[in-house]
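What follows is a short report on a single structure.
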Amino acid sequence: MMAAIDADSNGTVTQEEWIQGGMNNVPLLVLLGLQMADRDGQHVWRMKHFNRPTYCFVCQNMLLGLRKQGLSCNVLLAQNIYISFDFQRHNECVSIGSFNCDCGPLKDHILPPWTICSVSKVSQSISNQRRPIFPVQGINPLLVFMNPKSGGKQGERVLRKFQHLLNPRQVYNLSNGGPNPGLHFFRNLQKYRILVCGGDGTVGWVLDAIDKADMAVNPPVAILPLGTGNDLARCLRWGGGYEGSDLTEFLREIEESSLVKMDRWRVQVVPNDENEVGDPMPSEIINNYFSIGVDASIAHRFHTMREKHPQKFNSRAKNKLWYFELATSETISASCKNLKECLTIQCCGVPLDLSSLSLEGIAVLNIPSMHGGSNLWGETKKAEEVHKDDHFPQVITDSEVLEMSSQDMSDRLLEVVGLEGAMEMGQIYTGLKSKGHRLAQATQIMIKTKKALPMQIDGEPWMQPPCTVSLLIFELFTAVSLSVDSRGS
Ligand SMILES: CCCCC/C=C\C/C=C\C/C=C\C/C=C\CCCC(=O)O[C@@H](CO)COC(=O)CCCCCCCCCCCCCCCCC
Ligand SMILES: Nc1ncnc2c1ncn2[C@@H]1O[C@H](COP(=O)(O)OP(=O)(O)OP(=O)(O)O)[C@@H](O)[C@H]1O
């Protein structure tokens, strides 16, 4: 430490060097009990005891000693509130390299505390949540939303871990006011990413809030799959369900991810009888799929039971068992048999002929995953694929052409698939059957129902009295996807 204050390196420390060193030298300031900073967002270096083997960020050697082995950087968020970064170093190494920490190995994701408006700059009466961020160039922090209700029930632990790894002010629990407080806090930033920790319903909830917030930039969205089905996360290669793996590694995968476009669809439901009140519709936007009949009936019963007895649905495995039990009882009761007598379907004005089929369900797909990983449209052999260009028809109902037509989540086409029942769904889920009945591909779909039927949008079910359902393109949406190379599939 003395060497660091001996400015002319002559082996002695003069009074001027001592005073000057006292101003600049961090260990000396710490020894003197002076803080390095007292303003929001500033760095405060403190002597610290490290319980675990810890390495110096400058020389990469271990911090040795019994008591306080080295300095750790803490950043002042507000009066007496600090966050600490893994940016520790030896006393001797403190004068080497940058004085300020750069937020450490996860700097690409961290919201630097000094970008947050300080208490003195904004009225003290404004709550922490409301303080804006300075629109600093060159940062791309991650805004994290977590839903503790999602099926895997890992939310609380994940929240704490992200609060530790990142700046706690960029991590939001959706149970405390939904997505709006976080979106509002980040509103000044030109560039940021969103991470949704939850199931398909949660992703839809956040996308819906982004639409309604009418923001200057629409940030790309990555997913940590905490739900039960996690169909969108599967398609974007974030996995079928988080199993407790290293979240630092997951954050690195977000850095390496690429952007993909995805269609989103608007759904309008007009009841035949205005006075017949059904359940409220969960959403007016479809990201993943829409369905009527057998699977919506299973999803509706699951949803109702989960609302009533949440303690029975406290893990992903238990939830899947419930789905299996409900699917088995649906097979026996066949509550949606003879569906073709209860509805008609038109694709861009072309009526579908369902007379030769015995169906219990109709699924309309935007993504190639449903029911927690089933590909209902099925694979199309590359060699046989029909090439789609701008002149490609907006509706296909010819069964031979459909057999050669592949599914794409950004082609402005929806796929219509017929389902025979829960047993067939089980066969597709287990791979015993390769697909459902391909009925059509189209840019516009209209379904008229003649009796009350269960319906679902992205896994959120409801009971709908007789009505007309119209599906129309809403927008192309940018989601973050893992690049094919980084996970190899
Ligand atoms: C030859 C028969 C094959 C039987 C197949 C046997 C076993 C299937 C094995 C496991 C399936 C178990 C559970 C499904 C797992 C996850 C489902 C998650 C779905 C989900 O989360 O979706 C929601 C949101 O994403 C939306 O909910 C739905 O869409 C509800 C659909 C649930 C699909 C369930 C598919 C599995 C059906 C299994 C049918 C078994 C029939 C047994 C018949 C016995 C007759 C006496
Ligand atoms: N748009 C929303 N608004 C308010 N709460 C929502 C919304 N979407 C989901 N939720 C709540 O979050 C809970 C969990 O939904 P989520 O979709 O994340 O998990 P899941 O149903 O287990 O997973 P998955 O949909 O992937 O099968 C829902 O039961 C509901 O209570």
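We did not get these values from a lab; they are worked out from the coordinates using the rules stated. Being a predicted model, the structure only gives us computed values, none of them experimental. For neighbour counting, all protein chains shown are included, and Cβ atoms are generated from backbone atoms with ideal geometry for every residue, glycine included.
Odds and ends about this structure:
- For the range 250-287 and the range 139-193, distance of Cα centres in Å: 21 Å
- Applying 1/(1 + (r/R0)^6) with R0 = 30 Å to the Cβ-Cβ distance of residue 61 and residue 248 gives a FRET efficiency near 0.85.
- The alpha carbon centroids of the range 343-376 and the range 295-331 are separated by 23 Å.
- Long-range HN-HN contacts of residue 266 with modeled amide H, under 5 Å: 286, 472, 473, 474
- Two-site label geometry, residue 450 and residue 268: point separation in nm, points 7 Å out along Cα→Cβ: 2.5 nm
- Ordered by the count of other Cβ atoms within 10 Å of each Cβ, fewest first, 423, 455, 146 give 423, 146, 455.
- The range 207-230 versus the range 409-431: alpha-carbon centroid distance in Å: 25 Å
- Measuring r between the beta carbons of residue 47 and residue 404 and using R0 = 60 Å, the FRET efficiency lands at 0.30.
- Summarising the label geometry, the points placed 7 Å from Cα in the beta-carbon direction at residue 320 and residue 261 lie 3.5 nm from one another.
- Converting phi to 3J(HN,Hα) with the Karplus coefficients 6.51, -1.76 and 1.60 and the offset θ = phi - 60°, the range 207-212 yields 4, 4, 5, 5, 4, 6 Hz in sequence order, with x at every glycine or proline.
- Ordering of 250-263, 212-225, 301-314, 361-374 by packing [mean C-beta count within 10 Å, highest first]: 361-374, 212-225, 250-263, 301-314
- Residues 425, 446, 463, arranged from fewest to most other Cβ atoms within 10 angstrom of their Cβ, appear as 463, 446, 425.
- Greater than 30 Å apart at Cα, pairs in 261/318; 153/381; 261/381; 340/435; 153/451: 261/318; 153/381; 153/451
- Ascending count of other beta-carbon atoms within 10 Å, so fewest first, for 379, 400, 424: 400, 379, 424
- Rounded to the nearest whole Hz, the Karplus-based 3J(HN,Hα) values (6.51 cos²θ - 1.76 cosθ + 1.60, θ = phi - 60°) of the range 364-381 follow the sequence 10, 10, 9, 10, x, 8, 8, 6, x, x, 7, 9, 6, 6, x, 7, 10, 4, with x at glycine and proline.
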